[in-house]
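The values are calculated or read from the model by the stated rules, or taken from the named source; none is laboratory data. Quantities reported herein were computed from a predicted structural model and do not represent experimental measurements. Ideal geometry is used to build each Cβ from the backbone, glycine not excepted, and the neighbour counts take in all protein chains shown.
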Amino acid sequence: MGPTEAFTTDWRQSFTYAGSAKRSEYWWFYLTNLIVIFASAFVDIASTRNTGIAYIYFIAQIFPSLSITVRRLRDIDKDWKWMFISFAPFIGGIWFIVLMCQPSGHYETN
C-alpha cells in the first residue's frame, strides 16, 4: 500500500475502529499526514490573510489518527488502551513507537 492509498483509505475509515491496519498503512498515513500538516502551516504563514487552514486540518485529522492507531494496535494483538502509554513520562513515546513498529500478530505460522 502506497502513501496516497493509505492516506485516502484512512480518511474514508475515519470512524471505523473494527479491523486492523498493517504497519505500512499506519506509517504511510502518518508520513503523508505530517507532510499535509506542514504544507498547510506553510500556506497559513505565507498568506497575508490568516486562513486557519492548518488549525482546521489539525482538528479534522484527529479522528482518522485515532482510528488508524486503534486498528494498528489491534493488528499487533494489543488492546486500544495501549495508546495511552505515550503519556508516560520519558519512555512512553519511545515505547509507543516501538509498539507501532511491531510486526502483525495475525500471521499464521506453519
Looking only at the stretch 1-33, how many residues end up being within 12 Å of Pro64 (Cβ to Cβ) and either assigned to a helix (DSSP H, G or I) or touching a Lys or Arg at 6+ places or on another chain (Cβ under 9 Å) (or both)? 17
Hits in the stretch 18-33 - residues which are closer than 22 Å to Asp77 by Cα and surrounded by 14 or more Cβ atoms within 10 Å (Cβ to Cβ): Ser20, Ala21, Lys22, Arg23, Glu25, Tyr26, Trp27, Trp28, Phe29, Tyr30
Here is a check on your reading of the model: is Phe84 under 20 Å from Phe15 (Cα atoms) and either modelled with pLDDT under 90 or of a type in the set (Phe, Trp, Tyr) (or both)? yes
Near pairs, Cβ below 7 angstrom, 6+ apart or cross-chain, from the stretch 46-57 (at negative phi) to any residue that is among the hydroxyl-bearing types (Ser, Thr, Tyr) and surrounded by 10 or more Cβ atoms within 10 Å (Cβ to Cβ): Ile53/Ser40; Ala54/Ser40; Tyr57/Ser40
On the basis of being within 27 Å of Gly105 (Cα to Cα) and without any contact (Cβ under 8 Å) to a residue 40 or more places away in the chain, does Trp82 make the cut? yes
